[in-house]
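The values are calculated or read from the model by the stated rules, or taken from the named source; none is laboratory data. Values in this document were obtained by computation on a predicted structure and should not be read as measured data. Cβ sites come from the backbone with ideal geometry, for glycine too, and all protein chains shown count toward neighbours.
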Amino acid sequence: MGLSETTVKHLLLLLNFVYAVLGLLLIGFGIFFLAYVTSVSIGENVAGGLIIGLGVVIVIIAVFGCLAAAHESPRRLLFYVVSIVVLILIQLLFLSMVSHGTKDGISGSINEGFEQLWDAERNETGALAYYESWLHCCGVNGSEDYAVINHAVPRSCCPELKCTNPSQVYNVGCKSQFVEYLDDRLLIFKIVCWLLIVGEAIGAALGWLLLTGLKNQDRRNNAVWM
């Protein structure tokens, strides 16, 4: 193998080692995410599960990539390159779910969760009290929600549970506040994901270069014997 191919091989090994470290970082962050989930979980279990699952897949592909490069196996390298391309597409889908949400994604889980809480609020006041006190919000979409169902604004909608003045009532809805909170917690995930996507694109290119180099070497060896 020529020097350039050796360099490509070493770069690929180094890059996959970095993948494995970032994958482990995602797994650790996902566990942390679930460990500190709020007492009334909405969306966070979904997000934590996705992060851990993605981290596990990345670690597996990184280990496989190291073995493929170390053994200089064309078939394994081809499978590795295809896996990396698929992984990039999956990560882009995850980023889209985190940023914009889909019916079955994180945003959909949040909407469904708050709908369930609001249904409970209609029957028994206090279902939203935890979020209202914690996030300084009121109702699902705003304090006007309580007027629609003919409920008085609860004390949890006011600072220190004291609603002595209407101006003290939180006007912002809890759903938007929770989405903002969840976005902040997912910022690390987004950053690591984009770093991985860029690195994986480079890794796929290096894997393809190594694969091409190995095939060219086989052709040259066969030509010599002929």
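Only one residue in C138, C193 is surrounded by 15 or more Cβ atoms within 10 Å (Cβ to Cβ), part of a loop (DSSP other than H, G, I, E, B) and touching a residue at least 24 places away in the same chain (Cβ under 8 Å), so which one is that?
C138
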Could you pull out the residue among A201, A205 that is more than 21 Å from the chain's Cα centre (by Cα), at pLDDT 85 or above and within 30 Å of A62 (Cβ to Cβ)? A205
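Report whether or not C163 is more than 22 Å from F29 (Cβ to Cβ), at pLDDT 90 or above and either among the small types (G, A, S) or not in a helix (DSSP H, G or I) (or both). Steps first, answer last, please.
Working: more than 22 Å from F29 (Cβ to Cβ): yes; at pLDDT 90 or above: no; either among the small types (G, A, S) or not in a helix (DSSP H, G or I) (or both): yes.
Considered against the rule, which asks whether it is more than 22 Å from F29 (Cβ to Cβ), at pLDDT 90 or above and either among the small types (G, A, S) or not in a helix (DSSP H, G or I) (or both), C163 comes out as no.
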Would you confirm whether any residue within the range 84-101 is in contact with a Cys (Cβ under 6 Å, 6 or more places away or on another chain) and modelled with pLDDT of 85 or more? yes
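Answer yes or no: is there a residue in the range 52-68 that is modelled with pLDDT under 80, within 28 Å of G203 (Cα to Cα) and part of a helix (DSSP H, G or I).
Within the range 52-68, not a single residue is modelled with pLDDT under 80, within 28 Å of G203 (Cα to Cα) and part of a helix (DSSP H, G or I).
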Do you know which residues across the range 130-159 are among the aliphatic types (A, V, I, L, M) and farther than 19 Å from D119 by Cβ? L135
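Just to be sure before I move on: is D145 among the charged types (D, E, K, R), closer than 30 Å to G48 by Cβ and touching a Ser or Thr at 6+ places or on another chain (Cβ under 9 Å) in the structure I sent? Steps first, answer last, please.
Numbers: among the charged types (D, E, K, R): yes; closer than 30 Å to G48 by Cβ: yes; touching a Ser or Thr at 6+ places or on another chain (Cβ under 9 Å): no.
Taking the combined requirement at face value, the residue does not satisfy it.
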In the list A127, A120, which residue meets the criterion of being assigned to a loop (DSSP other than H, G, I, E, B), within 31 Å of the chain's Cα centre (by Cα) and without any contact (Cβ under 8 Å) to a residue 24 or more places away in the chain? A127
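Residues in the range 48-71: is at least one touching a His at 6+ places or on another chain (Cβ under 9 Å) and surrounded by 15 or more Cβ atoms within 10 Å (Cβ to Cβ)? Don't jump to the end; show me each part of the working.
Of the range 48-71, the ones touching a His at 6+ places or on another chain (Cβ under 9 Å) are 69.
Keeping just the survivors that are surrounded by 15 or more Cβ atoms within 10 Å (Cβ to Cβ) gives 69.
Scanning the range 48-71 turns up at least one residue that is touching a His at 6+ places or on another chain (Cβ under 9 Å) and surrounded by 15 or more Cβ atoms within 10 Å (Cβ to Cβ).
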